[in-house]
Amino acid sequence: MGTIWYQQGQWDNALNAFRRSAEANPNYPNAYYGAGLVFLQQGKYVEAQQVLQYARDLFTVQRNPQWANSAAQLLQQAQQGSR
């Protein structure tokens, strides 16, 4: 549901859905990645950095380099935004 809410620009609903996903399965990197996207849209760069780092690390551990790289790129955007 988080992705659907995100695509509709309903950031708070999307964030709540991603949080519920992360609570249900803390090792599900897509939940943190999605939350990072929402935080970027909201200009909450510090929060985005935190969840995107975690998503990147989970993707790496789960041997998913394509998504780890994508999370790393978003992480860079968040770091630049917080400057």
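The values are calculated or read from the model by the stated rules, or taken from the named source; none is laboratory data. None of the values given here were measured: they were computed from a predicted structure. So basically every Cβ, Gly included, is an ideal-geometry build from the backbone, and we count neighbours across all protein chains shown.
The criterion of being of a type in the set (Lys, Arg), surrounded by fewer than 16 Cβ atoms within 10 Å (Cβ to Cβ) and not in a helix (DSSP H, G or I) does not hold for Arg20.
For the stretch 35-73, a residue qualifies if it is among the hydroxyl-bearing types (Ser, Thr, Tyr) and either closer than 23 Å to Gln7 by Cβ or touching a Cys at 6+ places or on another chain (Cβ under 6 Å) (or both), and the qualifying residues are Tyr45, Tyr54, Ser70. Answer yes or no as to whether Gln49 is part of a helix (DSSP H, G or I), modelled with pLDDT of 95 or more and crowded, with 21+ Cβ neighbours inside 10 Å. Answer is yes for this residue. Screening the stretch 52-63 for residues that are over 14 Å from the mean Cα position of the chain (by Cα) and without any contact (Cβ under 8 Å) to a residue 24 or more places away in the chain and picking the one that is surrounded by the fewest Cβ atoms within 10 Å (Cβ to Cβ) gives Arg63. Set side by side, the residues Gln80, Gln66, Gln41, Gln73 differ, and just one is among the polar types (S, T, N, Q), part of a helix (DSSP H, G or I) and surrounded by 14 or more Cβ atoms within 10 Å (Cβ to Cβ), which is Gln41.
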